[in-house]
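Everything on this sheet refers to the single structure shown next.
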Amino acid sequence: MAKTLLVCDCLGSQTVDAAALQAATGQSCGGCYSSLCTDQIEVAAKAIGQGDVMIACQQEAHRFLAVSEEIDAEAPAFVDIRDRAGWTDDTADTTPKMAALIAEAALTPPAQKAFDVVSEGTCLIVGANDIALAAAEKLSDTLAVTVLLAPGTEIVPNQNYDTVVGTLHQASGTLGRFQVRISAFQQSMTGGRGTPAMTAPRDGAVSECDIILDLTGGTPLFPAPDKRDGYVRADPKSPVAVADAVFAASQLVGTFEKPFYVRLETSLCAHSRAEKPACSNCLNLCPTGAITSAGEHVSVDPMICAGCGACAAVCPSGAISYDAPSGDFTFRRINTLASTYRAAGGKNATLLVHDDHGAEMISLAARHGRGLPANVIPLQVDALAGFGHAEMVGALASGFARVDVLLAPKTERDALVPQADLANAISPDKVALLDIADPDALSDHLFDQPKTPAIAAPILPLGSRRQVARLSAKALNPDVTTLPLPANAPYGAVIVDTDACTLCLACASLCPSGALGDNSDLPQLRFQEDACLQCGLCANVCPEKAITLQPQLDLTDAALSQTVLNEEEPFACIDCGSLFGVKSTVERITEKLANNHAMYQNPNAIRMIQMCDNCRINAQYHSENNPFASGERPRPRTTDDYLSKRRDH
């Protein structure tokens, strides 16, 4: 639905064509203002009061939000076309880029799913005496504090907080539900004169708390400690860091809303089957340990999950998908940016994907440097690691000439690097990871980057991530039938050594995606490449080691249908003639057992190997040495039998 669009040239520091923006976006734009946040604030107040307004200014959003609260009106929407478009040294027209940013900002994001996390303020402080006790004094007014000191430390009782002695052996959980295990645990005994006596040390003491303040300066208690809610850590040698940690801990009381970052569909998970390992991509990459093995599928603890999105990017089946927001909405944003930019006359755009850190760099580059080129369109996402190969090639197929991902210092690169390599295998030299920390260097790199042409016939990215990746690959490679891919790619073929394969069909029975199958009428192993996840389960279960994986992307329609990987002539039952089994297998078994096994010295036993199930049972039952045979069946008793024994007859 069209909104009222208020645009401002920020005291003439940028060029804004209001009429062109209205024509390109469909938003109602009366004209361009110059000082909307100060001298012309009444114009903004009037528009906000009428409702359904978007203001093209992000820096002064707090002013306009204050106005909306003052007049009791709905908060306006905001879009930044100054730092991200108007403030630039590029002499090219920035109107197409501004239109794209406005159209993307007008999209309505899906409602985010979340749950409540409750912290009652019980806090465990671990550290050296002076640092830990000083922190406890500051926090005792707001938190229920317990200080854990090293074994052998003398305890001075304090009414404001508890002090215990021991060694923190293990910690698990997250904000509101930490569980700690302490060795050599001792408490002070109440009563007595002088220094209080201590209880006897005991191991395995277990307790719970809501917050852990770690001032030891040693190894963190958790992987990715910065991502563990409720775990606050600081270097005890830095008074500023300790003060910041104490303040952060004091704020962790109450009820907090935590998003469900990912959605798990266990039926699609290819983690394992029949205790045979297969895909463990998400397990290998999760920085917080939120993902664990749960038999044939994985399990995600939403309390520990920090929302990095790496699991969704590397999941080959789509069992784990990012849900804050969903992947479908990300593709909608990409397509809106690309299509609006083209419709407004823009050509050969570069998509610059970034997070909060990148947004700050772009702002600094615009205010104090060259800004972004007119053809570089920024896309801010919450989780850079979740922007995988499907999103990258989907953006290229939507009409972007390049995709650059601006890394942040804390970006999970173990997931992004292979995803970029895979995207470049599908569309060579079109995706880059920018590890640039200086705003001026970022601008210089983007301005010096050679212009490359975008795809001539853009697509609309719809469907699952696998479907978008395949559709995009076909659009980007119209004259290619098969693309070789790097190792561990989630697309590829299964190669079967037909000389070694016995058609036992163990691979088909356990294939989690149904890519491998059999034929109920003939001894065949069938394969559909489009469904193959390259999880490796088939190779792991094959008793003959006859299966290998070949990463590739078949862009022909043949990948969407089943092909026969191996087939043999069925064996005809020597008794009834019905087809069963595999001829070569039956003949090989017969050859190996005949006269070589005690149970098969009799020719009749050999014949049973060559019979179908029904005939084999009949032959076994009627054989001379049938172990299931019983004596002659007794003759049924009749009335005459009873009467013949009576004396009066």
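The values are calculated or read from the model by the stated rules, or taken from the named source; none is laboratory data. Fair warning: this is a prediction, and the values are worked out from it, not measured in the lab. All Cβ positions, even for glycine, are placed from backbone atoms using ideal geometry, and neighbour counts span all protein chains on display. With ligands, DNA and RNA removed, areas are computed over all heavy atoms of the protein, side chains included. Shrake-Rupley method; radii C 1.70, N 1.55, O 1.52, S 1.80 Å.
For the reader, a short list of remarks on this structure follows.
- Taking a straight Cα-Cα cut-off under 22 Å and skipping sequence neighbours fewer than 8 places away in the same chain, the lysines within cross-link reach of K583 are K545, K592.
- Pairwise centroid distance, computed over Cα atoms, of the stretch 526-555 with the stretch 150-187, Å: 52
- Around F78: net Lys/Arg minus Asp/Glu count, Cβ-Cβ under 14 Å: -2
- Note on the stretch 212-272: with charges restricted to the Cβ of Lys and Arg (+1) and Asp and Glu (-1), its dipole about the Cα centre is near 60 debye.
- Peptides 595-603, 303-311 ranked from most to least packed by the mean count of surrounding Cβ atoms within 10 Å: 303-311, 595-603.
- Take D404: with every protein chain present and a 1.4 Å probe, its accessible area is about 0 Å².
- DSSP beta bridge pairing in the chain, given as percent antiparallel to the nearest 5: 55
- Protein heavy-atom surface of the stretch 3-145, 1.4 angstrom probe: 49% of the accessible area is carbon and sulfur, with nucleic acids and ligands not counted.
- The residues of the stretch 1-59 expose, per residue, 48 Å² of accessible area to a 1.4 Å probe.
- Kyte-Doolittle at least -1.0, axis length at least 27 Å by Cα - qualifying DSSP helices, the chain: none
- For a straight C-alpha distance cut-off of 30 angstrom, the lysines reachable from K3 (same-chain residues fewer than eight places away being disregarded) are K46, K97, K113, K347.
- The residues of the stretch 440-514 expose on average 51 square angstrom of accessible surface per residue, using a 1.4 Å probe on protein heavy atoms.
- On the stretch 432-475, 62 percent of the accessible area sits on carbon and sulfur atoms, based on a 1.4 Å probe.
- Taking a straight Cα-Cα cut-off under 19 Å and skipping sequence neighbours fewer than 8 places away in the same chain, the lysines within cross-link reach of K227 are K258, K410.
- Summed residue charge, Cβ within 13 Å of L462's Cβ, Lys/Arg positive, Asp/Glu negative: +3
- Label point distance in nm, E544-R202, each placed 7 Å from Cα along Cα→Cβ: 6.3
- Listed candidates [x] 25.9; [y] 26.8; [z] 30.6 - label of the one calculated as Kirkwood radius over Cα pairs in Å: [z]
- The residues of the stretch 540-649 present an accessible area of 75 Å² per residue when probed at 1.4 Å with all protein chains retained.
- Label separation (F115 vs A66): 4.0 nm, computed from points 7 Å beyond Cα along the C-beta direction.
- Length-normalised contact order for the chain - Cα pairs under 8 Å, 6+ apart - percent: 9
- Separation between Cα centres of the stretch 351-418 and the stretch 242-270, rounded to whole Å: 25
- Taking only protein heavy atoms and a 1.4 Å probe, the accessible area of the stretch 273-339 is 50% carbon and sulfur.
- Positive-end residue of A249, S68, G121, charge dipole of the chain with Cβ unit charges: G121
- For the peptides 377-390, 405-418, 27-40, the ranking by packing is 377-390, 405-418, 27-40, with the highest mean count of neighbouring Cβ atoms within 10 Å listed first.
- Candidate residues F178, F185: accessible-area rank, largest first, probe 1.4 Å: F185, F178
- Taking Lys and Arg as +1 and Asp and Glu as -1, the other residues whose beta-carbon sits under 9 Å from that of A313 total 0.
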